[in-house]
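K.L.:
Got a structure for you, written out below as structure tokens; questions coming shortly.
The values are calculated or read from the model by the stated rules, or taken from the named source; none is laboratory data. Just so it is clear, the structure is predicted and the values come from calculations on it, not from any experiment. Because the Cβ atoms are built from the backbone with ideal geometry, glycine has one as well, and the counts that use them run over all protein chains shown. When the accessible area is computed, the model is the full protein with side chains, heavy atoms only, and any ligands, DNA or RNA have been set aside. Shrake-Rupley method; radii C 1.70, N 1.55, O 1.52, S 1.80 Å.
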Amino acid sequence: MHDKLRLETLAVHAGHEPETGDHGLAPAFKPATTFLRDADGGFAAGHQYARASNPTRARLENALALLEGGGEALCFSSGMAAVGAVFAQLAPGDHAIVSGDAYHGAIRFIDDWLKPRGIGVTYCDTSDTGNIERELQPKTRLLWLESPSNPELKITDLAAVAALAANRGILTACDATLATPVLQRTLDHGIDIVMHSSTKYLGGHSDLLGGVLATRDAELAAGLRAWQIDGGAVPSAFDCWLLLRSLATLPLRVKQHAESARRIAAWLTEQTAVEKVFYPGLAAHPGHETAKRQMRDFGGMVSFLFRGDEDATRAVASRTKIFQQATSLGGVESLIEHRASVEGAQRRSAHNLLRLSVGLEHADDLIADLSQALKE
Ligand code: PLP
């Protein structure tokens, strides 16, 4: 039945089957870490020890798999734990090609922990599939994409990359945190693994940390599951319960985030204080046509270059009153960030780049806030 339902319906009902016993309509929060063994030694209810599985996480993983269009979903204690689980499938000597505009924390993880342990990594601009093809090596085992990317919102052609990897024994994985399953069914485009930091839009309220992987390949799922259990970076039952609750409103939230972001991006292009706007919904964005093909809408993140030096750019971020100056994204509240300041040694963003996570406040209020901050 589930495969016929639309995403909005699934988001409300998947993982929300009424409780057996008291028939509660809202899922119960089940913090037990260990479960009674039956007289015959088995575990009829399906759970033995919470690092391996628990009823609240099982509900959440079931819901997320359905939102991704089938297969299996695995939840982690953070987005980075999910990133690590994918790279843990590589062995020393293997080579990976990674989006140059990937989340800076993923790049730090790769540079500081993987490269010194014998994993070869090449960064390239994956928004041009030809770049990936040129960087392929006999030992290439993984293509790590991020689309839309962060913070330049570059778009990678997922189907073209999947076709390139097919028959070469190369795994494809995409961080789709900025898109969410609402805007991009990453696995439908032939990508093997989709990853989300559920700290962002999936959670949506800036009050939980989490990561998700989903795949339709059973063998791959088994390897990732083994790492999830043995690595142990699993989310608490409470965070799973909160995330499950958040999923019900995800389609509605994402729709509004995208609608307001579209308005704000268009408005920014008309401001003389703004040098350049990065938003895949703009016709001038180089990934616009691909985004139109592979996404339902363009998302709630907008970056722009301010006409000014680094100090003047930071000053804009400190003048906004509704946009809070903080890192992260995807929450109900709008955020503004001078990206280069948080990137540290992995600093790649231009000195005058500001990143907006457009929240659920009224778009007119947000535009008025940006207007006063740009003017002073
Ligand atoms: N991927 C993207 C696109 C992100 O923005 C982030 C966090 O900012 C992560 C991954 C890492 O997720 P987490 O902070 O939940 O570990």
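K.L.:
So how long is each side of the range 297-374 along the principal axes, counting just the alpha-carbon atoms, biggest first, in Å?
P.N.:
Projected onto the principal axes, the Cα atoms of the range 297-374 cover 35, 25, 20 Å.
K.L.:
Another one. Considering only Cα-Cα distances, which of the following residue pairs are longer than 32 Å: K115/K255; K4/K276; K255/K321; K30/K154; K4/K255; K30/K321?
P.N.:
Too far apart for the 32 Å limit: K115/K255; K4/K276; K30/K154; K30/K321.
K.L.:
What number, in nm² with one decimal, is the all-direction average of the projected area of the convex hull of the alpha-carbon atoms of the range 128-167?
P.N.:
Computing the convex hull of the Cα atoms and averaging its projections yields 3.0 nm².
K.L.:
Dividing the alpha-carbon Rg of the range 1-146 by 2.2 N^0.38 Å yields what?
P.N.:
Relative to the 2.2 N^0.38 Å estimate, the range 1-146 comes out at 1.39.
K.L.:
Keeping the other protein chains in place, figure out the carbon and sulfur percent of the accessible area of the chain, with a 1.4 Å probe.
P.N.:
Taking all protein chains in place, the chain shows 53 percent carbon and sulfur surface.
K.L.:
How big is the equivalent ellipsoid of the range 124-258 along its three axes, where each semi-axis is √(5λ) from the Cα gyration tensor, reported in whole Å from largest to smallest?
P.N.:
Calculated on Cα positions only, the semi-axes equal 27, 19, 12 Å.
K.L.:
Follow-up question, since we're still on this one. Using only the Cα atoms, what convex hull volume per residue in Å³ does the range 223-376 have?
P.N.:
It comes to 156 Å³ per residue, whole-number rounded.
K.L.:
Scan around G100 for amide H atoms under 5 Å from its own, H built in the peptide plane at 1.01 Å from N, and keep only partners 5 or more places away or cross-chain.
P.N.:
C124, D125, T126
K.L.:
Still on this structure, I have one more. Per residue of the range 79-86, what does 6.51 cos²θ - 1.76 cosθ + 1.60 with θ = phi - 60° give for ³J(HN,Hα)? Whole Hz please, x for Gly and Pro, Karplus curve as stated.
P.N.:
Rounded to whole hertz, the list is x, 5, 5, 5, 4, x, 5, 5.
K.L.:
Between S371 and S328, what is the label-to-label distance in nm when each label sits 7 Å out along the Cα-to-Cβ direction?
P.N.:
Simple spin-label model gives 3.1 nm for this pair.
K.L.:
Also: Mind checking the full-extension length gain between L36 and R108? Use 0.36 nm per residue of separation minus the Cα-Cα distance, one decimal, nm.
P.N.:
21.7 nm
K.L.:
Also: Could you pull the Rg and Dmax for the chain, using just the Cα atoms, both in Å?
P.N.:
Calculated on Cα positions, Rg and Dmax stand at 20.9, 75 Å.
K.L.:
If you plug each phi of the range 174-188 into the Karplus form 6.51 cos²θ - 1.76 cosθ + 1.60 with θ = phi - 60°, what whole-Hz ³J(HN,Hα) values come out, in order, with x for Gly and Pro?
P.N.:
Values, residue by residue: 9, 6, 10, 3, 6, 8, 6, x, 5, 9, 8, 8, 4, 5, 4 Hz.
K.L.:
Please give me, ordered by residue number, the trypsin sites (Lys or Arg not before Pro) of the range 3-58 that lie in loop per DSSP and have at most 10 other Cβ atoms within 10 Å.
P.N.:
R6
K.L.:
Starting from the exponent 0.38 and prefactor 2.2 Å, build the expected Rg for the range 57-99 from its residue count and divide its actual Cα Rg by it.
P.N.:
1.43
K.L.:
Expressed in nm², what is the orientationally averaged projection area of the convex hull enclosing the Cα positions of the range 1-75?
P.N.:
Dividing the Cα hull surface by four gives the mean projection, 6.0 nm².
K.L.:
Could you give me the radius of gyration and the Dmax of the range 253-335, taking only the C-alpha atoms into account and expressing both in angstrom?
P.N.:
Looking at the range 253-335, its Cα Rg and Dmax stand at 13.4, 39 Å.
K.L.:
Still on this model: Dipole of the chain (Lys/Arg Cβ +1, Asp/Glu Cβ -1, origin at the Cα centre): which of T140, G223, H288 lies farthest to the positive side?
P.N.:
T140
K.L.:
Can you list the HN-Hα couplings for the range 56-65, worked out from phi with the Karplus curve (6.51, -1.76, 1.60; θ = phi - 60°), rounded to whole Hz and with x for Gly and Pro?
P.N.:
6, 5, 4, 4, 5, 5, 5, 5, 5, 4
K.L.:
While we're here: Just reorder T269, T186, T199 by solvent-accessible area, largest first, 1.4 Å probe, all chains present.
P.N.:
If we order T269, T186, T199 from most to least accessible, we get T269, T199, T186.
K.L.:
Let me ask you something else. Using Cα springs under 10 Å in a Gaussian network model of the chain, which residue among D128, D38, D192 shows the largest mean-square fluctuation?
P.N.:
The residue with the greatest mean-square fluctuation here is D38.
K.L.:
Find the all-direction average of the projected area of the Cα convex hull for the range 78-156, expressing the result in square nanometres with one decimal place.
P.N.:
One quarter of the hull surface, i.e. the mean projection, equals 4.8 nm².
K.L.:
When the Cα centres of the range 1-43 and the range 293-370 are compared, how far apart do they sit, in Å?
P.N.:
First find each Cα centre; the distance between them is then 38 Å.
K.L.:
Then there's this: Need one number: convex hull volume per residue for the range 209-289, Cα atoms only, in Å³.
P.N.:
Convex hull volume per residue, Cα atoms: 178 Å³.
K.L.:
Then there is this: For the range 144-218, just the Cα atoms, rotate onto the principal axes and tell me the three extents in Å, largest first.
P.N.:
Principal extents (largest minus smallest coordinate, Cα): 42, 31, 18 Å.
K.L.:
May I pose another question? Would you please give the residues with an amide H less than 5 Å from that of K154, counting only those at least 5 places away or on a separate chain, with H modeled from the backbone geometry?
P.N.:
It is S149, by chain and number.
K.L.:
Take the Cα pairs of the range 31-76, get the Kirkwood Rh, then feed it into Stokes-Einstein at 4 °C and 1.567 mPa s and tell me D in µm²/s.
P.N.:
Using the Kirkwood radius from Cα pairs, D works out to 112 µm²/s.
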